[in-house]
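The values are calculated or read from the model by the stated rules, or taken from the named source; none is laboratory data. No experiment lies behind these values; they were computed from the predicted model shown. Areas reflect the complete protein model, heavy atoms only, side chains present, ligands, DNA and RNA absent. Shrake-Rupley method; radii C 1.70, N 1.55, O 1.52, S 1.80 Å.
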Amino acid sequence: MKKILVIEDNTEIRENTVEMLELNNYKVFSAKNGNIGFQLAKKNKPDVILCDMMMPDTDGREFLQLAKNHVVVRKIPLIFFSAGSPLPDIKKKLIKEADDYLEKPFAEEDLLHAIERALKKQMTNF
């Protein structure tokens, strides 16, 4: 069973995303900010990380910096998602450094396709 880490500060979105993924046979871990998510990524080594760009405390940009500096976490495919609009330059940089990007609200089908693409990419890198 593939493992997915969901990092999202909005409880309702986080819980809905977790439920959607579990119903599609993924083992899911979740975190309410990037720092907690980074700790879970190191511990659980998920196959894909879904991360909100804009969060209080540790946001997507800060999570990306933590991930890039960790030998294991930096190899895990990262999909950013956001409903808000961070500054255009920041958004472009984050999208460029991620494996995929989804606008919230996203359809279940779009999320599942993004995860499948990330998993295929991961398999070709090993």
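For the reader, a short list of remarks on this structure follows.
- With all protein chains in place and a 1.4 Å probe, the accessible surface of segment 30-75 carries 48 percent carbon and sulfur.
- For the chain, the per residue solvent-accessible surface stands at 56 Å², with DNA, RNA and ligands left out and a 1.4 Å probe.
- Restraint check, Lys68/Lys121; Lys27/Lys120; Lys43/Lys93; Lys32/Lys120; Lys3/Lys32, Cα-Cα greater than 24 Å: Lys43/Lys93; Lys32/Lys120
- Percent antiparallel among DSSP beta bridges (both partners in the chain, rounded to 5): 0
- Rounded, prolate or oblate (a/c below 1.5 giving rounded, otherwise prolate when a/b exceeds b/c) for the chain by Cα gyration tensor: rounded
- Remark: the Val72-Asn10 segment gains 19.6 nm on full extension, using 0.36 nm per residue and subtracting the alpha carbon distance.
- Our estimate of slack between Asn25 and Gln39, defined as 0.36 nm per intervening residue step minus the Cα-Cα distance, is 2.7 nm.
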